[in-house]
Structures are given as C-alpha cells and as structure tokens.
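S.K.: The following block contains the structure, expressed as structure tokens.
The values are calculated or read from the model by the stated rules, or taken from the named source; none is laboratory data. Only a predicted model underlies this, so the values are computations on that prediction, with no experimental measurement involved. Note that we place each Cβ from the backbone using ideal geometry, even for glycine, and neighbour counts take in every protein chain shown. Heads up: the accessible areas ignore ligands, DNA and RNA and are worked out on the full protein's heavy atoms, side chains in. Shrake-Rupley method; radii C 1.70, N 1.55, O 1.52, S 1.80 Å.
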Amino acid sequence: GEDMPVEECGNMLVLTAAIAAVEGNANYARQHWKTLTTWTDYLVQNGFDPTNQLCTDDFAGHIARNANLSIKAIMGIASYGYLAGRMGDKVREKEYIDMARKLARKWMELADDRGDGTGDHYSLTFENPGTWSQKYNLVWDKVLGLNIFPKEVEQKEIAFYLTKQQPF
C-alpha cells in the first residue's frame, strides 16, 4: 500500500542479506522467511520493469520504468537466492541467482542509452535515450559479492559520470 513498493521490498531483502553476510549466518532471515518470500514474489512479478512509483530519488517524483529501481529489484531477488543458500537450500539459491543474472542481462539491453548496446551509459528509464541517473543500487552487487551484473556495467557508468563531474 505504500508509494514505493519495489524500493521497500528490495531494501528489506538487501538489508537482510547484508545482516546474514555480517553475522555469518541466516538466522534472522530464517525467522522472517515467509515475509521475505512474499516480498521476493512481488519483485519477481513487478520489480524488473517498475510501474509509475516513487523510489529513493523521490525528488524526480513518480516515474515508470526506472532503471535504477529495476536494479534494486534484481538485487532483491539475488539477495533472496543468497539467503536461501545460507540456509542450505542450494536449489533455490541457484534458481534465484540465475534469475537475477538473466534479468541483469535483459536490463543492460533495455537501459542502454542508444538501445542497441552501443550507448555510453544507461538511461534514467528503460528505452528513454538521452537521459541518465546514477545507478547507486549497483553497490549491493559489490558489497554482497554476488556478481549479478557484468563488470562492464559499472565501468561504463563510472566513465559516463566522470563526463558529468563539475568543479564543485
């Protein structure tokens, strides 16, 4: 019922994975598995290509097809796989990590600024050339060491950001 359903589901899954990584176990996730599964199911159904909603960049207002919010959903799905693996469910771990990696490749196609794989960055929203935003949700891939997105995504984005850097 919130204005930020993809953002909040993704946040809670990523946060729970971070807790598991720091604590070295998935005890907290085990206590909340039913809710984590509900949130993951929501992201699988609705997260990849988000509808018109807010995200952390709420200064932009409600927008649909937000590429950075899609990353949050993909990382939420990957986090669920990571947690399943920490609880000993290797089949579910593989299923959700593989799903997240497949979505990441699809994301690269839809978010490419030129739409043909030759863009120098990724757009603010899917299939919207000439726009951009910082893709800060990629940090969770690195922090959790999940390797969901190819390294070229980070490299391409950073190179583009440097062209936007100002003296201040």
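S.K.: At 1.4 Å probe size, put Thr16, Thr118 in order of accessible surface, largest to smallest.
M.R.: Thr118, Thr16
S.K.: Sorting Trp33, Trp39 by accessible area (1.4 Å probe), largest first, what list results?
M.R.: Trp39, Trp33
S.K.: So what J values fall out for the range 145-152 if you push phi through Karplus, 6.51 cos²θ - 1.76 cosθ + 1.60 with θ = phi - 60°, rounded to Hz, Gly and Pro as x?
M.R.: In residue order, the calculated couplings are x, 8, 6, 7, 9, x, 4, 4 Hz.
S.K.: Turning to a different aspect of this structure: Leaving ligands, DNA and RNA out of it, rank His62, His121 by accessible area with a 1.4 Å probe, largest first.
M.R.: Working: His62 90, His121 10 Å².
Sorted descending by solvent-accessible area, the residues read His62, His121.
S.K.: To the nearest 10 square angstrom, what accessible area does Met99 show with a 1.4 Å probe?
M.R.: Its heavy atoms expose roughly 50 Å² to the probe.
S.K.: Let me ask something additional. So what's the gap between the Cα centers of the range 60-111 and the range 9-40, to the nearest angstrom?
M.R.: What the calculation gives is 14 Å, centre to centre.
S.K.: Based on the Cβ-Cβ distance of Glu109 and Leu15, what FRET efficiency does E = 1/(1 + (r/R0)^6) give at R0 = 41 Å, to the nearest 0.05? Intermediate results must be reported in sequence, preceding the final value.
M.R.: Details: r = 29 Å, r/R0 = 0.70.
The calculated FRET efficiency here is 0.90.
S.K.: Suppose each label sits 7 Å from its Cα in the direction of the beta carbon; what would the Ala159-Asn46 distance come out to in nanometres?
M.R.: According to this spin-label approximation, the distance is 3.7 nm.
S.K.: Accessible surface of Asp120 in the full protein assembly, 1.4 angstrom probe, to the nearest 10 Å²?
M.R.: Ignoring ligands and nucleic acids, Asp120 comes out at about 80 Å².
S.K.: Taking H as built 1.01 Å from N, whose amide H comes closer than 5 Å to the amide H of Thr125, not counting residues under 5 places away?
M.R.: Ala67
S.K.: What Rg and what Dmax come out for the range 46-105 when only alpha-carbon atoms are used, in angstroms?
M.R.: 13.3, 41
S.K.: What figure in square angstrom, to the nearest 10, would you give for the accessible area of Asp116 with a 1.4 Å probe?
M.R.: 100 Å²
S.K.: A further question follows. Find the percent of Cα-Cα distances in the chain that exceed 22 Å, and round it to a whole number. If you can, show how the numbers build up before the last one.
M.R.: Working: 5793 of 14028 pairs.
The share of Cα pairs beyond 22 Å in the chain comes to 41 percent.
S.K.: Another one. Is there a quick way to get the dipole size of the range 1-120? I mean about its Cα centre, with the Cβ of Lys and Arg at +1 and of Asp and Glu at -1; what is the value in debye to the nearest 20? Before the final figure, lay out the partial values.
M.R.: Values: 13 positive and 18 negative charges, 129 e Å.
Here the size comes out at about 620 debye.
S.K.: If you don't mind, another one. Report the dimensions of the range 81-168 along its three principal axes from the alpha-carbon atoms, largest first, rounded to Å.
M.R.: The Cα atoms of the range 81-168 stretch 48, 31, 17 Å along the principal axes, largest first.
S.K.: Take Thr131 and Phe59, extend 7 Å from each Cα along the Cα→Cβ direction, and tell me the distance between the two endpoints in nm.
M.R.: 1.7 nm
S.K.: Whenever you get a sec, compute what percent of the accessible area on the chain sits on carbon and sulfur atoms (1.4 Å probe).
M.R.: Ligands and nucleic acids excluded, carbon and sulfur give 53 percent.
S.K.: Oh, and also: If amide hydrogens are placed 1.01 Å from N in the peptide plane, which non-local residues have theirs closer than 5 Å to the one on Gln53?
M.R.: Excluding prolines and chain starts, which carry no amide H, the hits are Ile63, Ala64.
S.K.: What is the mean projected area of the alpha carbon convex hull for the range 23-73, to one decimal in square nanometres?
M.R.: Values: hull surface 17.9 nm².
So the Cα hull casts an average projection of 4.5 nm².
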